[in-house]
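Trainee: Please find one structure pasted underneath; my questions will follow.
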Amino acid sequence: MTRTSLLRIAAVAAAIAAAPARPSDSPHDDANLPRTCRDCHVLHSATGATLTAEATNALLCKSCHASTANVALQTWNDTDQATPGTGGTSHRWDALAVNPVHGAVLPSSAIAPHLAAGQKLQCSACHDEHSQAAAPFDVAAPAAGGGRHFLRSANASNALCVDCHAPWAQASAMTGTYYTSGTASFSGTTVTGTGTTFVGNVQPGWRIKRLSDPASAWAVVKSVNTNTSLTLVAAYTGASGAGTYVAGKTLSHAVGVPLANVNTRAVPVEPGGTVAQVAGDGGVAAGGSSTTLVASGKSYTSTVIGQVVRLTSGANVGQTRVIASVSGAQLGWTAALASVVRFGDEYEIDADGNRSNDVLLAGASGTSATAGNVVCMSCHGVHYADSSSTTHDDRAGGAGDGNLLRRAPAETCEACHPGTLLHSSATTSTKYGTWGTTWTCLTCHQPHRTSNVTLVSPSVTTPASGVKDIDLRSITGGFESFGLARSDTPGAGICEACHTRTRHSAPTTGTTSSFTTGSTAASITGGTLTGLAAGWEVRRTTAPDGTNAAAWTRIATINTTTGALTLVAGGYKGTTGTGAWEAQNPIFRNDGSGRGVGNAHAGTNCLTCHSHRNGFRFQ
């Protein structure tokens with residue numbers, strides 16, 4: 001053993017032996033609990049590698065925090081660990097740090113040295129049990145001292161979260177990145193490319209599938225081995241064998257961006273979607289009665305009247321009352337509590353009495369319920385997050401769904417995105433009856449794990465046409481390859497998934513036509529005429545008309561049996577002649593008439609007339 005090693009052991013032993021040498025922050029100090037260094041550390045025959053009394057970091061933490069005997073301790077058990085979509089209310093502390101499915105990569109040098117063997121997570125990867133210097137993301141956290149969560153590094157803007165979840169730290173989901181060169185063969189967890197250059201073009205965590213396979217076949221890339229070899233996280237569930245494919249970057253809800261924009265509210269709202277969140281407050285009572293609370297070191301104004309106070313400790317824990325009066329430090333309400341408010345009772349004030357279900361923002365001066373940037377923990381919690389707005393997430397509540405949300409998924413979206421964005425008969429028209437009134441943002445979108453731009457889900461359940469797969473890679477042109485209305489596969493766009501009776505502008509073609517410049521009489525045969533109607537445009541494909549956008553001429557009437565046409569006033573705009581023809585409906589209307597007739601809107605993006613901001617109602 002070296003002299004340096006002996007000196008280090010001697011220093012640790014001296015620290016353990018000296019009773020006053022303890023962490024300065026609660027709860028690991030005598031201010032809250034009768035703890036000393038010896039409660040975690042031992043001098044000789046230590047089970048743990050850092051002279052600890054337990055073999056693993058998690059066991060050491062749980063030796064106190066898995067017990068419910070001391071109400072001053074927050075408790076966590078292995079069964080609380082989240083399995084997304086299944087259950088759990090706490091971030092896992094036993095999983096591999098690298099997890100492409102959930103956008104997790106090996107963290108930076110600030111976190112990586114504190115991982116357990118095999119690059120597994122443990123409590124001390126995120127927490128520094130000896131210091132509360134790092135700023136947390138917590139609207140109730142003090143500027144210093146106890147209550148700052150013993151973080152390994154600052155998380156006021158969720159830098160600690162994105163240290164691991166860096167691939168999901170995206171500023172926008174409006175554009176995607178795709179790789180489709182060559183062909184790929186799928187077998188189990190192996191993808192073998194032909195004519196591919198996977199290295200540098202595909203990343204772990206991306207999604208890949210054969211182009212002809214359904215959305216359920218999307219698989220997550222675990223590793224990029226060579227230019228022609230990928231390994232998947234799980235065995236491919238689509239068809240085996242070679243074919244064309246698409247690999248797409250996994251898109252995620254934007255973070256690190258201001259809340260307020262044209263598609264969001266100025267201030268998030270409480271669950272229910274009508275009451276705006278407030279800054280809120282909290283503290284410790286100096287005393288009170290069953291109908292009053294005297295706050296320690298506080299002075300309130302009438303702005304808190306109508307807000308709700310919740311007692312978070314003491315005999316009245318969990319009880320809430322609407323504030324009816326205020327006088328400096330004293331808050332008053334009408335209905336008496338079960339017991340009197342006593343010195344040391346903790347409380348909080350919020351619009352609905354539950355600050356833990358607020359969608360929080362990274363504000364300029366700290367965590368805020370009213371202004372700032374959207375970050376990971378705006379929607380998610382880390383512990384006691386049961387995806388319910390009805391529980392208070394400071395102690396174990398519901399079983400959760402494993403998604404670690406502050407409130408239910410639909411309520412989470414609604415906090416920032418107003419209901420006017422939803423596409424339904426309520427925001428558009430009842431022409432086709434009542435529809436979409438129970439839909440939420442999640443009917444068409446999902447916040448993570450999709451390669452579709454604007455976070456459109458890989459598949460959508462339609463009202464009358466079953467489940468439709470969606471491949472949306474661009475919204476810049478509207479009618480385009482893999483667009484809102486797909487030119488590569490007409491009828492397969494996100495809009496057309498439900499609107500099966502709306503004619504898209506996929507050209508209909510034929511072999512024989514007769515047109516005369518300036519004449520309103522014309523004829524087309526030798527092709528499919530069914531579906532053509534007034535309002536469509538037609539032209540010869542023979543040069544020069546076939547490459548001349550100005551040759552498109554509106555149809556006034558058509559006989560779909562004989563092919564006889566009457567064109568709109570002014571007659572045919574192209575050159576006189578016969579030959580092949582094409583027709584299209586450029587205005588995306590169900591009957592090809594009404595608004596837009598006389599103005600083809602050729603090349604106009606669908607969203608120019610149908611904005612998400614008003615539920616896609618024509619404007």
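Trainee: For the range 422-526, run through the trypsin sites (Lys or Arg not before Pro) and keep only the ones in DSSP coil with at most 16 other Cβ atoms within 10 Å of their Cβ.
Mentor: Values: sites: Lys431, Arg449, Lys468, Arg473, Arg486, Arg501, Arg503; in loops: Lys431, Arg449, Arg473, Arg501, Arg503.
Here the sparse-neighbourhood loop sites are Lys431, Arg501.
Trainee: Let me ask something additional. Applying 1/(1 + (r/R0)^6) with R0 = 22 Å to the Cβ-Cβ distance of Thr189 and Leu211, what FRET efficiency is obtained, to the nearest 0.05?
Mentor: Given R0 = 22 Å and the Cβ-Cβ separation, E is 0.65.
Trainee: As a test of reading the structure, rank Val275, Val191 by solvent-accessible area (1.4 Å probe, protein chains only), most first.
Mentor: Val275, Val191
Trainee: If you put +1 on each Lys and Arg Cβ and -1 on each Asp and Glu Cβ, how big is the dipole of the range 402-521 around its Cα centre, in Debye rounded to 20?
Mentor: Dipole size: approximately 140 debye.
Trainee: How much accessible area per residue does the chain have, in Å², with a 1.4 Å probe?
Mentor: 46 Å²
Trainee: While we're looking at this one, here's another question. So what is the relative contact order for the range 212-371, in percent, with contacts set as C-alpha pairs under 8 Å and at least six apart?
Mentor: 22 percent
Trainee: Rounded to the nearest 10 degrees, what's the angle between the helix 3-17 long axis and the longest principal axis of the chain, both from Cα atoms, 0 to 90?
Mentor: In the chain, helix 3-17 runs at an angle near 70 degrees to the longest axis.
Trainee: Just how far, in whole angstrom, is the range 232-259 from the range 520-540 if you go by their alpha carbon centroids?
Mentor: First find each Cα centre; the distance between them is then 42 Å.
Trainee: Grab the beta carbon distance between Ser429 and Thr516, set R0 = 30 Å, and tell me the FRET efficiency rounded to 0.05.
Mentor: Once the sixth-power term is evaluated, E becomes 0.15.
Trainee: Then there is this: Stretched out fully, how many nm does the piece from Ala315 to Thr461 gain, at 0.36 nm a residue minus the Cα gap?
Mentor: Length difference between fully extended and current span is 47.7 nm.
Trainee: Same structure again: Projecting each Cα onto the charge dipole of the chain (Lys/Arg +1, Asp/Glu -1 at the beta carbon, about the Cα centre), which of His383, Tyr300, Pro271 comes out farthest on the positive side?
Mentor: Pro271
Trainee: Once both labels are modelled 7 Å past Cα along the beta-carbon direction, what's the Glu54-Val199 spacing in nm?
Mentor: For the pair Glu54/Val199, the computed spacing is 4.4 nm.
Trainee: Where q = 0.13, 0.19, 0.23, 0.33 Å⁻¹, what log10 of I(q)/I(0) comes from the Debye formula for the range 261-307, counting one point per Cα?
Mentor: Summing over Cα pairs of the range 261-307 leads to -0.47, -0.78, -0.94, -1.28.
Trainee: If you project the alpha carbons of the chain onto the principal axes, what extent comes out on each, in Å, largest first?
Mentor: So the extents along the principal axes, rounded to whole Å, are 103, 68, 35.
Trainee: Roughly how many nanometres apart are two label points built 7 Å out from the Cα toward the Cβ at Met174 and Ile305?
Mentor: The answer from the label model is 4.5 nm.
Trainee: Per 0.36 nm of contour for each residue apart, how much would the distance between Gln119 and Ala556 grow if the chain were fully extended, relative to their Cα-Cα spacing? It would help to have the intermediate numbers written out before the result.
Mentor: Values: separation 437, 0.36 × 437 = 157.32 nm, distance 7.01 nm.
Taking 0.36 nm per residue and subtracting the Cα distance, the gain is 150.3 nm.
Trainee: Given a cut-off of under 8 Å on Cα pairs at least six residues apart, what relative contact order in percent is computed for the range 300-341?
Mentor: Relative CO of the range 300-341 lands at 37 percent.
Trainee: Remind me, what semi-axes does the range 330-479 give for its equivalent ellipsoid, largest first in whole Å, using sqrt of 5 times each Cα gyration tensor eigenvalue?
Mentor: Details: eigenvalues 285, 71, 49 Å².
Taking √(5λ) for each Cα gyration eigenvalue gives 38, 19, 16 Å.
Trainee: Just the number, please: carbon plus sulfur as a percent of the accessible area of the range 259-313, 1.4 Å probe, no ligands or DNA/RNA counted.
Mentor: After summing per-atom areas, the C and S share lands at 56 percent.
Trainee: OK, next. Between Val257 and Ala564, what FRET efficiency comes out of the Förster formula 1/(1 + (r/R0)^6) with R0 = 41 Å and r the beta carbon distance, rounded to 0.05? Display every interim value, and only then the final one.
Mentor: On the way: r = 57 Å, r/R0 = 1.38.
FRET efficiency, Ala564 to Val257: 0.10.
Trainee: Which is farthest toward the positive dipole end of the chain among His44, Ala260, Pro136, measuring Cα position about the Cα centre, with Cβ charges +1 (Lys, Arg) and -1 (Asp, Glu)?
Mentor: Sorting the options by dipole projection puts first Ala260.
Trainee: Oh, and also: For every helix of n ≥ 4 consecutive DSSP H residues, a contribution of -39,500 (n - 2.57) applies; sum these over the chain, divide by its total residues, and give [θ] at 222 nm rounded to the nearest 500 deg cm²/dmol.
Mentor: -2000 deg cm²/dmol
Trainee: Separate question: Using DSSP to call loops (not H, G, I, E or B), can you name the chymotrypsin sites (Phe, Trp or Tyr not before Pro) in the range 330-369 whose Cβ has at most 12 other Cβ atoms within 10 angstrom?
Mentor: When the chymotrypsin sites (Phe, Trp or Tyr not before Pro) of the range 330-369 are filtered for loop state and at most 12 Cβ neighbours within 10 Å, Phe343 remain.
Trainee: Using unit Cβ charges (K, R positive; D, E negative) and no other charged atoms, how large, in debye to the nearest 20, is the dipole of the range 363-443 about its Cα centre?
Mentor: 220 debye
Trainee: Would you work out the charge dipole size for the chain about its Cα centre, treating the Cβ of every Lys and Arg as +1 and the Cβ of every Asp and Glu as -1, and quote it to the nearest 20 debye?
Mentor: Dipole of the chain, to the nearest 20 debye: 1280 debye.
Trainee: Sort 99-110, 304-315, 434-445 by the packing proxy (mean of other Cβ within 10 Å over each peptide's residues), most packed first.
Mentor: Taking the mean over residues of other Cβ atoms within 10 Å, the ranking is 304-315, 99-110, 434-445.
Trainee: Ala234 versus Phe618, label points 7 Å from Cα toward the beta carbon: distance in nm?
Mentor: Between Ala234 and Phe618, the simple spin-label model gives 4.4 nm.
Trainee: Could I ask something else about it? Relative contact order of the range 354-474: what whole-number percent is it, with Cα pairs under 8 angstrom and at least 6 residues apart?
Mentor: 14 percent
The values are calculated or read from the model by the stated rules, or taken from the named source; none is laboratory data. On a predicted model such as this, the values are computed, not experimentally measured, just so you know. Ideal geometry is used to build each Cβ from the backbone, glycine not excepted, and the neighbour counts take in all protein chains shown. To get the accessible areas, we keep the full protein, side chains included, count just its heavy atoms, and leave off ligands, DNA and RNA. Shrake-Rupley method; radii C 1.70, N 1.55, O 1.52, S 1.80 Å.
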